[in-house]
Amino acid sequence: MHGYCPAGFEALGDHCYTILKVMGSYAEGKTYCNMAGASLAVIRSREEENLIDSYIRRHMSQIQSSQIWIGGSDILQEGTFLAPGSQEVLTYFNWAPNEPDNAGPGQHCLNIFRDDSQLRWDDDNCEFDRFPMCQREQVDQSVVG
């Protein structure tokens with residue numbers, strides 16, 4: 001580890017993560033993460049997802065929710081999911097069977113939900129209230145606060 005994570009965040013790989021204990025829409029979740037000095041968590045690989053899934057499983061009972069916002073939306077172009085902020089095109093997904101389905105109005109935002117015992121991804125209505133999973137860089141130990 002090259003740095004440390006601020007209070008309330010946990011180090012997973014090279015980043016710090018937390019699930020905020022406040023529910024909101026996807027846009028509100030982005031704002032809440034920004035207020036915590038972070039952004040919605042963007043998962044770019046299976047290895048990263050394994051770390052995050054483990055974190056979610058350890059904290060799922062505390063938040064009493066089966067659905068969590070993560071970073072990614074196809075609101076600008078259906079089927080092309082972009083990371084919040086950077087607008088990077090996302091290429092790694094772990095969709096639940098028959099997802100993404102764009103089944104209802106506003107199903108453009110990524111969430112993780114429990115599908116049987118698995119944690120899978122869904123394109124969800126961006127206005128639904130979910131807990132946001134936030135990600136930030138580790139704090140460099142050489143920086144004095």
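How would you classify segment 75-145 from its alpha-carbon gyration tensor, with a ≥ b ≥ c the square roots of the eigenvalues: rounded for a/c under 1.5, else prolate if a/b is greater than b/c, otherwise oblate? The shape class here is prolate.
Suppose only helical runs count, i.e. DSSP H with n ≥ 4. What mean residue ellipticity at 222 nm does that imply for the chain under -39500 (n - 2.57) per run, divided by all residues and rounded to the nearest 500 deg cm²/dmol?
Working: 2 runs with 28 residues, N = 145.
Taking each H run of at least 4 residues, the total per residue is -6000 deg cm²/dmol.
Solvent-accessible surface of the chain, taken per residue with a 1.4 Å probe and all protein chains present: 52 Å². Is segment 1-137 rounded, prolate or oblate when judged by the Cα gyration tensor, a ≥ b ≥ c being the square roots of its eigenvalues, rounded requiring a/c under 1.5 and prolate requiring a/b larger than b/c? Rounded. With all protein chains in place and a 1.4 Å probe, the accessible surface of the chain carries 50 percent carbon and sulfur. Helix 46-63 and the longest principal axis of the C-alpha atoms of the chain enclose an angle of approximately 90°.
The values are calculated or read from the model by the stated rules, or taken from the named source; none is laboratory data. Everything numeric in this text was worked out from a predicted model, so none of it was measured. Remember, those area values only see protein heavy atoms, side chains included, never the ligands or the DNA or RNA. Shrake-Rupley method; radii C 1.70, N 1.55, O 1.52, S 1.80 Å.
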